[in-house]
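Q: Handing you a structure now.
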Amino acid sequence: MNTAVGSLRIALVGNPNCGKTALFNRLTGSRQKVANYAGVTVERKEGRFIAPSGRVLQLLDLPGAYSLDAASPDEAITRDICAGRFPGEAAPDLIVCVADATNLRLHLRFVLELKRLDRPMVLALNMMDAARKRGIRIDVAGLEQALGIAVVETIAVQRGGATALIAHLDSLHASPVAAPEGAMPFETRSAENIAPSGAPTAATDDEVHAQVRALLATAVTMPRATSAIDDTIDRVVLNPLAGLAILGIVMFLIFQAVFSWATPMQDAVGAAIGALGSQVGSLLQSMPLLHSLVTEGVFAGLGTVLQFLPQILILFLFILILEESGYLPRAAFLLDRMMFAAGLTGRSFIPLLSSFACAIPGIMATRSIADPRDRLTTILVAPLMTCSARLPVYTLLIAAFIPRHTVLGVFNLQGIVLFTLYFAGVASALAVAYVIKRMRHDKSEHALIMELPSYRLPNPRDVAIGLWDRAKIFLRRVGGIILSLTILLWFLSSFPAPPAGASLPPIDYSFAGRLGTLLAYVFAPIGFNWQICIALVPGLAAREVAVASLATVYAMSATGDAAAMQLGTVIASQWSLATALSLLAWYVFAPQCMSTLAVIRRETNSWRNVWIATGYLFGLAYLASLLTYQIARALT
């Protein structure tokens, strides 16, 4: 054995979407660490928990896999660790396979593959609450007898939902457990009899299908109503015409809500920040430098960014609801043909959708794409998805320059413009992917195999946790990198001090003013003034910083009554419509933040790909802004 006396090393495995990671989090809590496996960029999560007996159980959360016949780096890691063949990684004493109790027809295939490794194993039937609600009856004792392994019920999302699993693990010793008598004679292979690819040389697909059908007939009773309801809905939402129309309408309505619902909350946040800033500023009147830092730097910069939190949360509320309901995998199937024509695959949909939150997790999610060329293409176009960091820039400019008119008496014009910007990002990604496909002369076809989970009502607790996580991420960025860069920009905008008797605002003589003046020569053809140029530089670290930077720069360069005006009012009075539209076009393609470029380097192990991504994004941004500005100026 590879563990200390009394301890047990457990590998947690399962298909994607089985609730495996939720179970891992339920068991380990904060006692976990995340890293990468040596030599590869696949995430490694390890934790521990203390059983009621006081025994320490070590838990390794392996990447989700559909098969031991690995088709991606994630699946290869899972296969090799389960088989005890991964270099530098101790073989597990026990495998806990997590299966979705509502979809055993799919998940039992993987259970049978793992069983052929002939290692100690436990099956955790997760989501048992959902299975019962749908009328699915599982004879746990019968399934345990048929498989020849222990089977326990779990509900990973509920407190106490892993009690039975913990009790079973606590009762085990670090040694194999004999199979119950009467187990079905499934063919097994030892770890030493594994093919060079690492997969067990055992049953054919037809044999596995037959074994799964036998297990379902023995231990599982499925209500016809459940599948009938899913099939009825799918006949509409997966229809090539009606399904695309529904998807378009859903996304359109989401962006309408982002503006319509968020306005009252934004006004409240803005008023609270303004009142707090005035009170704090009044206490610092006797200290001019500190007063400038707090009012013109912190409150003008961070306060402006914080007002966009309601819009970000509303957007993710809808995304989480669609994800929890089971609709998003269907959207992937629906868009597979279109994405394949553009040089992508339906498997690219989830990573690209994740990039609407942030390109970093989106790029990391491409590890599930088996074909290396499809994966690289998805990585290169992921930055074109409109991440949440762009939303403050979009909403600032739209609110300042697009009137709050209604279209057809129903739709909000500002929401239509926001939807158009998001659509432009998606269309651009498809266009770039198509060009990459043509350049590499790729004529291959890749079938999309993806689980379609049953429809379910979103769990309010899970949605609330997801929103809270998004809020924490946003607030951490505000209190970390955005605050740091705002203070740095304030310093660059304040020093050196202007000469005695200077007639221009102090910022014109500062480091930031001089840098902005130099950059303005490069960006003048696309309509950017020196204030915008200054904001673009820290915006490379995080896009939200551009809004904070504009607020700081205009607060420090304003005089008289203009100093008390909100940023939106200031830019509306000083910029032309052509400049605003040009900046919107810039941010559709804007070169990605430094963190994302670092992830591209790590995931592809190539600086060349980083320079390709940076170069084409900058080129597209400049070209789009140039055309937008010149056309808009000619028309207006």
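Q: Within segment 217-257, restricting attention to residues that are among the charged types (D, E, K, R) and open to solvent by less than 60 Å² (accessible area, probe 1.4 Å), which residue is nearest to Gly135 (Cα to Cα)?
A: First, the residues of segment 217-257 that are among the charged types (D, E, K, R): 224, 230-231, 234-235.
Restricting the remaining residues to those that are open to solvent by less than 60 Å² (accessible area, probe 1.4 Å) gives 230, 234.
On the way: Asp230: 14, Asp234: 20 Å.
Per the criteria, the residue is Asp230.
Q: Return yes or no: is Ile526 at pLDDT 90 or above, crowded, with 18+ Cβ neighbours inside 10 Å and under 26 Å from Leu483 (Cβ atoms)? Even if it seems obvious, please write down each step before you answer.
A: On the way: at pLDDT 90 or above: yes; crowded, with 18+ Cβ neighbours inside 10 Å: yes; under 26 Å from Leu483 (Cβ atoms): no.
Answer is no for this residue.
Q: Considering only helices (runs of 4 or more DSSP H) fully contained in segment 566-616, which possess at least 1 residues that are touching a Gly at 6+ places or on another chain (Cβ under 7 Å) and of a type in the set (A, V, I, L, M, F, W, C)?
A: Working: elements: 567-574, 577-589, 594-604.
By residue number, 577-589.
Q: Another question about this same structure. Answer yes if at least one residue in segment 139-149 is surrounded by fewer than 20 Cβ atoms within 10 Å (Cβ to Cβ), at pLDDT below 90 and of a type in the set (D, E, K, R), and no otherwise.
A: No, segment 139-149 contains no residue that is surrounded by fewer than 20 Cβ atoms within 10 Å (Cβ to Cβ), at pLDDT below 90 and of a type in the set (D, E, K, R).
Q: Restricted to segment 219-255, and to residues that are of a type outside the set (Phe, Trp, Tyr) and within 22 Å of the chain's Cα centre (by Cα), which residue is farthest from Ile398 (Cα to Cα)? Spell out the reasoning first.
A: Quick first cut of segment 219-255, residues of a type outside the set (Phe, Trp, Tyr) only: 219-251, 253-254.
Now restrict to residues that are within 22 Å of the chain's Cα centre (by Cα): 247-248, 250-251, 253-254.
Numbers: Leu247: 24, Gly248: 21, Val250: 21, Met251: 18, Leu253: 17, Ile254: 16 Å.
Top of the filtered list is Leu247.
Q: Among all residue pairs at least 6 apart or on different chains, which show Cβ distances below 8 Å where the first residue, located in segment 511-535, is on the phi > 0 side of the Ramachandran plot and the second is among the small types (Gly, Ala, Ser) and not in a helix (DSSP H, G or I)?
A: Gly527/Ser576
Q: Among the residues of segment 558-579, write down those that are of a type in the set (Val, Ile, Thr) and at pLDDT 95 or above.
A: Listed by number, the list holds a single entry, Thr579.
The values are calculated or read from the model by the stated rules, or taken from the named source; none is laboratory data. Quantities reported herein were computed from a predicted structural model and do not represent experimental measurements. So basically every Cβ, Gly included, is an ideal-geometry build from the backbone, and we count neighbours across all protein chains shown. Side chains are part of the model used for accessible areas, which takes the heavy atoms of the whole protein and leaves out ligands, DNA and RNA. Shrake-Rupley method; radii C 1.70, N 1.55, O 1.52, S 1.80 Å.
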